[in-house]
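Take a look at the structure set out below.
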Amino acid sequence: MNVLILSIVLLLSFNIFSGLDFKYPYTVPTLPYEYKSLEPYIDEQTMKLHHDAHHKTYVDNLNAVLVDNKKLQAKDLEWLLRNLNTIEDTQTQTTIKNNGGGHWNHSFFWKIMAPDCQKLSNKKLMKEIKKQFGSFDKFKDQFNAAAKKVFGSGWAWLCVDQNKKLVIITTPNQESPISQGLEPILGLDVWEHAYYLKYQNKRIDYISSFWHVINWRQVEMNYSFAIK
Ligand SMILES: [Fe+2]
């Protein structure tokens, strides 16, 4: 019984990613830990700037483009990102892709990091990683290589595709995998604003540090949700 209740609570907590908390007017979600909690891997100043300024700008721009658009206000953010092509006005479509994507991606990103991370323990996910990439270390190498190769600003992702297979992809700027019909379970922001204060031009050092702060419990929940 307790396991059942726990499962329900976990699935409800996951709903932040299924659209329920993404309604107009949008707000920046509170960080689930303190700004300094990810030290020494991600520094406090970067977290403050990244969350309070950069993420807020995406939210402000998203609200601004929707302020006089009752029809799109009624849609949740996931619907907008999954149906970008149905938004006829191209300027509105681009603004939602950039800023709605920025809001969704960052809300996702804060949750898949945590200060007291354990290792991946979900056997099904580990089995799939080994099946798809050969081993966990090979998966890590491929993810890191993808993140390193992003030209300019963008993201690296581990996603579940339409066939429930794991795939590593990258997206430019703030494009979200959900706009491609994919379900991200892990993502890394490789915009310079995510690391430049501490790591300057050494993106690869930031990528290496990311592995120390991955919230595997959240990734496992994301995976369980994505394969249902
Ligand atoms: Fe960012």
The ³J(HN,Hα) series, computed from each phi in the range 54-64 with the Karplus coefficients 6.51, -1.76 and 1.60 at θ = phi - 60°, rounded to the nearest Hz and given as x for glycine or proline, is 5, 4, 4, 4, 4, 5, 4, 5, 5, 4, 5
If we count other beta carbons within 10 Å of each Cβ, what is the order of SER224, SER208, SER179, fewest first?
SER208, SER224, SER179
In debye, nearest 20: dipole of the range 123-226 around its Cα centre with unit charges on the Cβ of K, R (+) and D, E (-)?
440 debye
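Restricting to DSSP H runs of at least four residues, report the calculated mean residue ellipticity at 222 nm for the chain, -39500 (n - 2.57) per run over all residues, nearest 500 deg cm²/dmol. Can you show the working numbers first?
Numbers: 12 runs with 104 residues, N = 228.
One gets -12500 deg cm²/dmol as the mean residue ellipticity at 222 nm.
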Roughly speaking, what is the stretch gain from GLN142 to TYR33, that is 0.36 nm per residue apart minus the C-alpha to C-alpha distance, in nm to one decimal?
36.4 nm
SER153's amide H: which non-local residues (gap 5+, or another chain) put their own amide H closer than 5 Å, with H modeled 1.01 Å from N in plane and none for Pro or chain starts?
ASN173
Between TRP211 and LYS70, take the C-beta separation as r, use R0 = 45 Å, and let me know the FRET efficiency to the nearest 0.05.
0.50
Run the reach check for LYS130 against aspartates and glutamates, Cα to Cα strictly under 16 Å, same-chain hits fewer than 8 apart removed. What comes back?
ASP141, GLU220
Can you list residues whose amide H is under 5 Å from GLY187's amide H, if they're 5+ apart or on another chain and H is modeled 1.01 Å from N?
LEU158
With the cut-off at 30 Å, tell me which of the pairs LYS70/LYS97; LYS36/LYS164; LYS165/LYS202 have Cα atoms farther apart than that.
LYS36/LYS164; LYS165/LYS202
Using a cut-off of under 18 Å, list every residue of the range 174-215 whose amide N is near the label point 7 Å from the Cα of SER153 along the Cα-to-beta-carbon line.
174-177, 188-203
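Values in this text are rule-based calculations from the coordinates and carry no lab data. Model, not experiment: these values are computed from the prediction. Ideal geometry is used to build each Cβ from the backbone, glycine not excepted, and the neighbour counts take in all protein chains shown.
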